[in-house]
1. Please find, in a Gaussian network model of the chain (springs between Cα atoms separated by less than 10 Å), the residue of Ile60, Ile28, Ile44 whose mean-square fluctuation is greatest.
2. Say we join alpha carbon atoms closer than 10 Å with springs in a Gaussian network model of the chain; which of Ser86, Ser143, Ser121 then has the biggest fluctuation?
3. From the square roots a ≥ b ≥ c of the eigenvalues of the alpha-carbon gyration tensor of the chain, which class results: rounded (a/c under 1.5), prolate (a/b over b/c), or oblate?
4. Using the heavy atoms of the protein chains and a 1.4 angstrom probe, tell me the accessible area per residue for the chain in square angstrom.
5. Let's test the formula: R0 of 30 Å, r as the Cβ-Cβ distance of Gln160 and Leu112. What FRET efficiency results, to the nearest 0.05?
6. In the chain, what percent of the accessible surface is made up of carbon and sulfur (1.4 Å probe, ligands and nucleic acids excluded)?
7. Quick check: Cα centre of segment 1-62 to Cα centre of segment 95-122, how many Å?
8. If the elastic network links every pair of Cα atoms under 10 Å, which of Gly87, Gly161, Gly104 fluctuates the most in the Gaussian network model of the chain?
Amino acid sequence: LAGQFEADADGGFETADSSSYAIPFLSILQSMSPQCKKSDGAYIKGAEEGMLYNSVSQDIFDGAAGVTVIPCYFKRSFIKWAPRDSGGGFKGELMPSDPQVAAGKVDKDGRLVDSEGNLLSDTRTHYVLVVDKDGGYQPVVISLASSQIKKSRQWMARMQGIKLQRADGTHYTPAMFSHEYRITTVPESNDKGSWF
């Protein structure tokens, strides 16, 4: 029976392009996340703040135990958001070298905005594979912005800091996807509130 399935591998997906699929994000559930609120249609039984959540599979993971991931690719960009008072919403993605980013000004709240008042959110995106207990994996995106940029920088420095020795005695940095990492959550707070 397995051979029959293998013979038809990828069948039926021939006309599907990238717009046919949802992007799976791995995010941290917070106290106000809809998945944690019993009165919300998005509620998931057992979901609590501090857990990790896969937006496509709807899987939740204990944040203290974490998940094992294999990082595959990294991208820094600036996500353009319309101001909330004008309805909000995604307005595009800009590379750090984009002239709109360079022309941005810091507003009274310390946020980078463009000439139209759109927020330009510095965002670090990690494309990873979540490894399950059976050795399988699921691709997900981890998007870190604001107070989480520090975590992204630390992780990138840790990955870049791995050095392996060649046969000739020289050292090299292995590919990003050469190692597995455990992603966990921890509580944090400042004068504006607390979160995981």
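1. Evaluated over the chain, the most mobile residue of the options is Ile44.
2. Ser86
3. Judged from the Cα gyration tensor, the chain comes out rounded (a/c under 1.5).
4. I get 67 Å² per residue for the chain.
5. The pair Gln160/Leu112 has a calculated efficiency of 0.70.
6. The computed percentage sits at 53.
7. Using only Cα atoms to place each centre, the spacing works out to 32 Å.
8. Gly87
The values are calculated or read from the model by the stated rules, or taken from the named source; none is laboratory data. This is a predicted model, so every value here is computed, not measured. Cβ coordinates were reconstructed from backbone atoms using ideal geometry, including for glycine residues, and neighbour counts include every protein chain displayed. Accessible surface is based on the protein model in full, side chains and every heavy atom, while ligands, DNA and RNA are left aside. Shrake-Rupley method; radii C 1.70, N 1.55, O 1.52, S 1.80 Å.
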